[in-house]
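Notes to accompany the following structure.
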Amino acid sequence: MAPISEQFRYVAIEGPIGVGKTSLARKLAETFGGETLLEAPQENPFLERFYQDRRGNALATQLHFLFQRSRQSQLIRQSDLFAPVRIADFMFDKDRLFAQLTLDDEELKLYELVFERLAMDAPQPDLVIYLQASVDTLLERIGQRGIGYEQSIDADYLARLAELYTRFFHAYDRGPLLIVNTDSANLVSSDGDYKTLLEQLSFAQSGRRYFNAFQSEID
């Protein structure tokens, strides 16, 4: 298999909470000898408080993530031509989706001023892998990974978040996009499902591509 760096130098994996972005990013990086660029929610001091009181802690939580993602994105822009492929479990643009979901109108206006300034220097991925799953599947996976503060996430919140992702990627035209339904796929534990995904990467050279032909069930 040709190294993914011969096709793409910056790959971003996106999708709603619990869909499996980080696990897939690590596995792809291991397969292709790349480096991961991962979100670090544990470094956000406001996140646990946000899940306890979303209204009261939304702005601080979102601004912390925005600055964090901005710093991480600069690592990609500053990399040289000989750096390995970088595989991220986020896009800079995703931050705005969460802001739209959690902030009130006045907070969102303030957030947008900061976002627009930081977004000017944010690099665009050479390939985006957008992972989808039903709300029931997302809730099941969130429960299985057992992060304490995530257990308060409810179906309505996930449904609204998933809808924002759907709208965003419906209009996405900044580069190749591979949309993968993961309801019946285990991209990390199933060698067959993972191999099937890798085969799809060779077809994701331009435009958008949908894929939903997995056989495995999540354990």
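Taken together, the values in this text are just the output of simple stated rules run on the coordinates, not laboratory data. None of these values were measured; they are calculated from a predicted model. Glycine also receives a Cβ, built like all others from the backbone with ideal geometry; neighbour counts cover every protein chain displayed.
Using the Kirkwood radius over Cα pairs, work out the Stokes-Einstein diffusion coefficient for segment 75-133 at 10 °C and 1.306 mPa s, in µm²/s as a whole number. Write down the numbers at each step before the final one.
On the way: Rh = 13.6 Å.
D, rounded to a whole number, is 117 µm²/s.
Given the options Asp193, Asp156, Asp126, which has the most mean-square fluctuation in a GNM of the chain, springs set between C-alpha atoms less than 10 angstrom apart?
Comparing Asp193, Asp156, Asp126 in a Gaussian network model of the chain, the most mobile one is Asp156.
Working from the alpha-carbon coordinates of segment 40-124, get Rg over Rh, Rh being the Kirkwood radius.
1.02
Among 164-171, 181-188, 16-23, 98-105, how do they line up from the highest to the lowest mean number of other beta-carbon atoms within 10 Å?
Going from most to least packed, we get 16-23, 181-188, 98-105, 164-171.
Expressed as cubic angstrom per residue, what is the convex hull volume of the alpha carbon set of segment 1-61? Please report the intermediate quantities before stating the final value.
Details: hull volume 6.4 nm³, N = 61.
Dividing the Cα hull volume of segment 1-61 by its residue count gives 105 Å³.
Would you report the distance distribution of C-alpha pairs in the chain as whole percents per 10 angstrom bin, up to the bin with the largest distance?
Calculated P(r), rounded to whole percents: 8, 33, 38, 19, 2, 0.
Using packing as a proxy for protection, rank 143-149, 110-116 so that the peptide with the highest average count of other Cβ atoms within 10 Å comes first.
The most tightly packed comes first, giving 110-116, 143-149.
I want to verify a result. In a Gaussian network model of the chain, Cα cutoff 10 Å, which of these has the top mean-square fluctuation: Gln72, Gln200, Gln42?
Fluctuation is largest for Gln42.
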